[in-house]
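The values are calculated or read from the model by the stated rules, or taken from the named source; none is laboratory data. Keep in mind it's a predicted model, so treat the numbers as computed, not measured. Cβ atoms come from the backbone with ideal geometry, glycine included; neighbour counts cover every protein chain shown. Areas reflect the complete protein model, heavy atoms only, side chains present, ligands, DNA and RNA absent. Shrake-Rupley method; radii C 1.70, N 1.55, O 1.52, S 1.80 Å.
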Amino acid sequence: MKALLYIFILSSSLPLMAQTQLLPFASSREVSKKVSPPDSQDVRYIPLFGSKKMVEEQLLNSKEFLTQCDKSFKDRSDASNFFADRGWEYLNDGLLDTATYRFNLCYLLNQDNVEAFWGLGSISYQKGNYEESTKLLRQGLILSPENTTLMIDVATVQLACYKEKRNCDDIDDALRLLEKSLQLDPSNANGWLKFSIAEFQLEHYDRAWDYLHKCRQLDVSFIDTAYLQELITKKEDPLGLFK
C-alpha cells in the first residue's frame, strides 16, 4: 500500500544539477552537494507551504491523500515519518523541490515531527537562505531540545552566516550551542570540528587546533582538508601532526 501511495503523490523529477560548496552540514545525514534548478512558486515547494493559512488550505484540499494515508499506515505519525525518509532521499539526490514537497507532506501529517523542520531547514541551507534555515531548524530544536546533532546543525548555519557577514544570529550563540551539544555528547567528532571552525573565525587559533585534535582523536574522517589548510596558514600545528 505504501508503494501505491508513493506513486499517488510522485511529482516530476528535475534532471539538471549544479555544484555548490558548503560547510559540511546535517551531522547525521549525507546531504548532497548537488542542487536542483530554481524552484517554482508552487506552494508545494515552499517550506511549510508558505503560511499557516496555506497549511489549512492544503488540509482541506488533501482529503483524498489523507484518507489514503489512513488506509496505508498504522497512524499519521507513521505516515509522516515515511515522507520524511523520502524527503531525505530526494535531498541527498539534490532534488530540492521534490524533497521540499515530501517534508511539507511530513509536516501536513504531523506538525510535531522534528524531521519536517530539520529537512526543510537543510534545504534552505543548501539554497543559501541562512536566516530561513536557522528559523526552521530552531523550530525543530523546540520540539527536540536535547538533540545534539540538531544543535550542531543550527550552529553550522550560524557559522556560515557569520563568515559571509549576513544578518543572522551572532557567533556567540553558535558557540553556546556547540558547547551544550558537546557537554551532552563529548564523543561527537563533528561537534568538535565545528567548535574548531568557530574559534578559527574568531581568530583563536590555539583553541581551534585544540578542538580539531579532539575531532581527530574521535574520528579523523570528519576533518575537512580545506579548513585544515586554512588553519595551517594562520598557525602551525602545535603538535606537529599536520604540515
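Step by step: first the residues of the stretch 197-243, then only those that are assigned to a helix (DSSP H, G or I) and among the β-branched types (Val, Ile, Thr), then the one that is nearest to LYS165 (Cα to Cα). Which residue is that? First the steps, then the outcome.
To start, the set of residues in the stretch 197-243 that are assigned to a helix (DSSP H, G or I) comprises 197-201, 205-218, 220-222, 225-234.
With the extra rule that they be among the β-branched types (Val, Ile, Thr), the set shrinks to 197, 220, 225, 232-233.
Details: ILE197: 15, VAL220: 30, THR225: 23, ILE232: 23, THR233: 22 Å.
The qualifying residue nearest to LYS165 (Cα to Cα) is ILE197.
How many residues does the stretch 69-88 hold that are open to solvent by 50 Å² or more (accessible area, probe 1.4 Å) and more than 19 Å from LEU136 (Cα to Cα)?
So the first thing to find is which residues in the stretch 69-88 are open to solvent by 50 Å² or more (accessible area, probe 1.4 Å), and the list is 70-71, 74-77, 81, 85.
The next check asks that each one be more than 19 Å from LEU136 (Cα to Cα); those that pass are 70-71, 74-77.
Residues that pass the stated criteria total 6.
Does the stretch 50-67 contain at least one residue that is surrounded by fewer than 19 Cβ atoms within 10 Å (Cβ to Cβ), hydroxyl-bearing (Ser, Thr, Tyr) and not in a loop (DSSP other than H, G, I, E, B)? Show your work before the answer.
Step one: list which residues in the stretch 50-67 are surrounded by fewer than 19 Cβ atoms within 10 Å (Cβ to Cβ), which gives 50-57, 59-67.
After this cut, where a residue has to be hydroxyl-bearing (Ser, Thr, Tyr) as well, the list is 51, 62, 67.
Add one more test, that the residue is not in a loop (DSSP other than H, G, I, E, B), and what stays is 67.
There is at least one residue in the stretch 50-67 that is surrounded by fewer than 19 Cβ atoms within 10 Å (Cβ to Cβ), hydroxyl-bearing (Ser, Thr, Tyr) and not in a loop (DSSP other than H, G, I, E, B).
So is LEU177 in a helix (DSSP H, G or I) and closer than 25 Å to PRO238 by Cβ or not?
no
Let's see how each residue does on (1) closer than 28 Å to PRO186 by Cβ; (2) surrounded by fewer than 22 Cβ atoms within 10 Å (Cβ to Cβ):
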position	(1), (2)
LEU91	no, no
ASP112	no, yes
MET151	yes, no
VAL157	yes, no
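Has the stretch 188-196 got at least one residue that is within 28 Å of LYS243 (Cβ to Cβ), without any contact (Cβ under 8 Å) to a residue 24 or more places away in the chain, assigned to a helix (DSSP H, G or I) and touching a Ser or Thr at 6+ places or on another chain (Cβ under 6 Å)?
no
Looking only at the stretch 62-87, which residues are modelled with pLDDT of 95 or more and under 19 Å from VAL43 (Cα atoms)?
Residues satisfying the conditions are SER80, PHE83, ALA84, ARG86, GLY87.
Residues to consider are PRO186, PRO238; find the one that is out of contact with any strand residue (DSSP E or B) (no Cβ under 6 Å at 6 or more places or on another chain), at pLDDT 95 or above and over 20 Å from THR156 (Cβ atoms).
Numbers: PRO186 fails: over 20 Å from THR156 (Cβ atoms).
From the options PRO186, PRO238, the qualifying one is PRO238.
Of the conditions (1) of a type outside the set (Asp, Glu); (2) in a helix (DSSP H, G or I); (3) within 25 Å of ILE123 (Cβ to Cβ); (4) open to solvent by 40 Å² or more (accessible area, probe 1.4 Å), ARG166 satisfies every one except a single condition; which number is it?
The number of the failed condition is (2).
Would you point out the residue of the stretch 116-132, among those that are more than 10 Å from PRO47 (Cα to Cα) and assigned to a helix (DSSP H, G or I), that is farthest from the chain's Cα centre (by Cα)? Outline the logic, then answer.
We begin by selecting, within the stretch 116-132, every residue more than 10 Å from PRO47 (Cα to Cα); these are 118, 122, 125-131.
Adding the requirement that they be assigned to a helix (DSSP H, G or I) leaves 118, 122, 125-126, 130-131.
Values: TRP118: 5, SER122: 3, TYR125: 7, GLN126: 8, TYR130: 11, GLU131: 13 Å.
Out of the qualifying residues, it is GLU131.
Pairs please, first residue from the stretch 57-85 and within 12 Å of GLU115 (Cα to Cα), second anywhere and in a helix (DSSP H, G or I), Cβ atoms under 6 Å, 6+ apart in sequence or on different chains.
SER80/CYS106; SER80/LEU109; PHE83/ARG102; PHE83/LEU105; PHE83/CYS106; ALA84/CYS106; ALA84/GLU115
Considering each residue of the stretch 78-132, count those that are among the aromatic types (Phe, Trp, Tyr) and farther than 21 Å from MET151 by Cα, and give that number.
Of the residues in the stretch 78-132, the ones among the aromatic types (Phe, Trp, Tyr) are 82-83, 88, 90, 101, 103, 107, 117-118, 125, 130.
Still in the list and also farther than 21 Å from MET151 by Cα: 82-83, 90, 101.
Of the residues in that region, 4 qualify.
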